[in-house]
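The values are calculated or read from the model by the stated rules, or taken from the named source; none is laboratory data. Since the model is a prediction, treat every value here as computed from it, not as a measurement. Note that we place each Cβ from the backbone using ideal geometry, even for glycine, and neighbour counts take in every protein chain shown.
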Amino acid sequence: MLKTKKTLFVALITCLVLVFAITSFSIANNTEDNLGKLEMNPLPKTGSNGCFKELNINCSIPQTPSEMKVYIVKDAKLSKDDMKKYTSNLGINGDIKENDGKYAVIDAVYGTTSFTLDKKTGSFNYYTKELADAIKPINNLLTDEEYKDIAEKFLKEKGLMKEGAYYRKTLRHTIGKTNQPEQVCLVEAVFTRDLNEIPWTGVGPKMSVYFGDNGKIIGAASVWRDIEEFEDYPLISPQQAMEQITKGNATVYLENVPEATGEIENIELIYLNRSLGYNQKYVIPHYMLQGHTPDGHKFKAITRAIPQQLISEVPYKDIKVESTPRTERKLTPDGSDEDEQ
């Protein structure tokens, strides 16, 4: 009798485990089935034209969540009246022109002073002759904190500061002649943002304020998109991300020539921002793998963290890719970001 009860108890537990497993599997499948496909442009294959046939892990594999938030890009829907407010705040007088999804004005008095505003994203570019001629050494330099304070005040007073932006760093751009020490010719205070403590990188998001001599502001620019929460989407594993990279479904930045083998030293999740001119509809999580080749060349590989079956790729043919503004932030093989020039 005791043995029969024990057998029944084991059978009951086994049934409960099976029911739980089947239910969990069903819920997971239903969740994925209920999610719509995300329209994304194909991953850029330019990078350094690098490609790997084999990737070896030389680091601990991070514990990654089963799902992450996807964000939808908000259309700024800026009008000519918005443009007038900005130009008035900046003291720029001139006729406002509209073309290629942007407003633009050139100052009627100072012909080299201009301001452009991207209607869809709200990204801007404030340009002066002094910024164009910033090739001479700066005589009076301020501290990083002073540049930060001046830049913050400028962005807020001119109505250019973005929600969620925070000060990141101050860059001192240099110029030098052969056999002579380099000298600072331009200072840039940089502001950026993250998403739920996850790095948001790529081309921006970024705002920059440019300085000439003695803390004088000579320009400003931004690559920025306002976003809002969309849905939670499932993630692939780091191992699956490696498979995607070896199959060529990734953007690889690699110094010098392409290599067949890579040693991975770091794996992290990021959100990726695209260049202005790309019709980026969603901001989604990506895996970024960094490491080196057997010859010591550093690389960075980026691939989507969302399952491919939940992605609908939209061709580039309807997208106009603009030249990269001075302020844009791009990925580099050494693991840092740098500024497009």
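Which condition number in (1) in contact with a strand residue (DSSP E or B) (Cβ under 8 Å, 6 or more places away or on another chain); (2) at pLDDT below 95; (3) not assigned by TED's automatic domain parsing to the domain that holds residue 184 is the one that residue 67 fails?
In the conditions (1) in contact with a strand residue (DSSP E or B) (Cβ under 8 Å, 6 or more places away or on another chain); (2) at pLDDT below 95; (3) not assigned by TED's automatic domain parsing to the domain that holds residue 184, residue 67 misses (2) alone.
Can you tell me how many residues in the range 134-183 are hydrophobic (A, V, I, L, M, F, W, C) and touching a Leu at 6+ places or on another chain (Cβ under 7 Å)?
Matching residues across the range 134-183 total 2.
Can you tell me which of (1) charged (D, E, K, R); (2) closer than 20 Å to residue 243 by Cα; (3) modelled with pLDDT under 80 is the one residue 33 doesn't meet?
(2)
Let's see how each residue does on (1) at pLDDT 85 or above; (2) in a loop (DSSP other than H, G, I, E, B); (3) assigned by TED's automatic domain parsing to the domain that holds residue 244; (4) within 30 Å of residue 269 (Cα to Cα):
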residue	(1), (2), (3), (4)
15	no, no, no, no
21	no, no, no, yes
24	no, no, no, yes
29	no, no, no, yes
47	no, yes, yes, yes
63	yes, yes, yes, yes
84	yes, no, no, no
87	yes, no, no, no
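Residue 175 passes all but one of (1) in contact with a Cys (Cβ under 6 Å, 6 or more places away or on another chain); (2) buried (at least 23 other Cβ atoms within 10 Å of the Cβ); which number fails?
Unmet condition: (2).
Any residue at all in the range 118-128 that is in the same structural domain as residue 210 (by TED's automatic domain parsing), over 22 Å from the mean Cα position of the chain (by Cα) and not aliphatic (A, V, I, L, M)?
The answer is yes, given that some residue of the range 118-128 is in the same structural domain as residue 210 (by TED's automatic domain parsing), over 22 Å from the mean Cα position of the chain (by Cα) and not aliphatic (A, V, I, L, M).
Considering only the range 90-107, state which residues are out of contact with any strand residue (DSSP E or B) (no Cβ under 7 Å at 6 or more places or on another chain) and either within 14 Å of residue 218 (Cα to Cα) or in contact (Cβ under 8 Å) with a residue 60 or more places away in the chain (or both).
Result: 91, 100.
Filter the strands (runs of 3 or more DSSP E) completely within the range 108-203 down to those with at least 1 residues that are in contact (Cβ under 8 Å) with a residue 24 or more places away in the chain, farther than 24 Å from residue 91 by Cβ and not acidic (Asp, Glu).
166-175, 183-192, 200-202
Out of 131, 142, 155, report the one residue that is touching a helix residue (DSSP H, G or I) at 6+ places or on another chain (Cβ under 8 Å), surrounded by 14 or more Cβ atoms within 10 Å (Cβ to Cβ) and assigned by TED's automatic domain parsing to the domain that holds residue 213.
142
Which fully enclosed strands (runs of 3 or more DSSP E) of the range 233-316 have 3 or more residues being closer than 30 Å to residue 100 by Cβ?
Passing ranges, in order: 261-273, 311-313.
Among the candidates 281, 206, 216, which residue alone is over 30 Å from residue 131 (Cα atoms) and at pLDDT 90 or above?
Numbers: 206 fails: over 30 Å from residue 131 (Cα atoms); 216 fails: over 30 Å from residue 131 (Cα atoms).
Sole residue among the options that is over 30 Å from residue 131 (Cα atoms) and at pLDDT 90 or above: 281.
Can you tell me which residue among 318, 295, 334 is more than 30 Å from residue 171 (Cβ to Cβ), surrounded by fewer than 20 Cβ atoms within 10 Å (Cβ to Cβ), over 16 Å from the mean Cα position of the chain (by Cα) and modelled with pLDDT under 75? Let's see the steps before the verdict.
Details: 295 fails: modelled with pLDDT under 75; 334 fails: more than 30 Å from residue 171 (Cβ to Cβ).
From the options 318, 295, 334, the qualifying one is 318.
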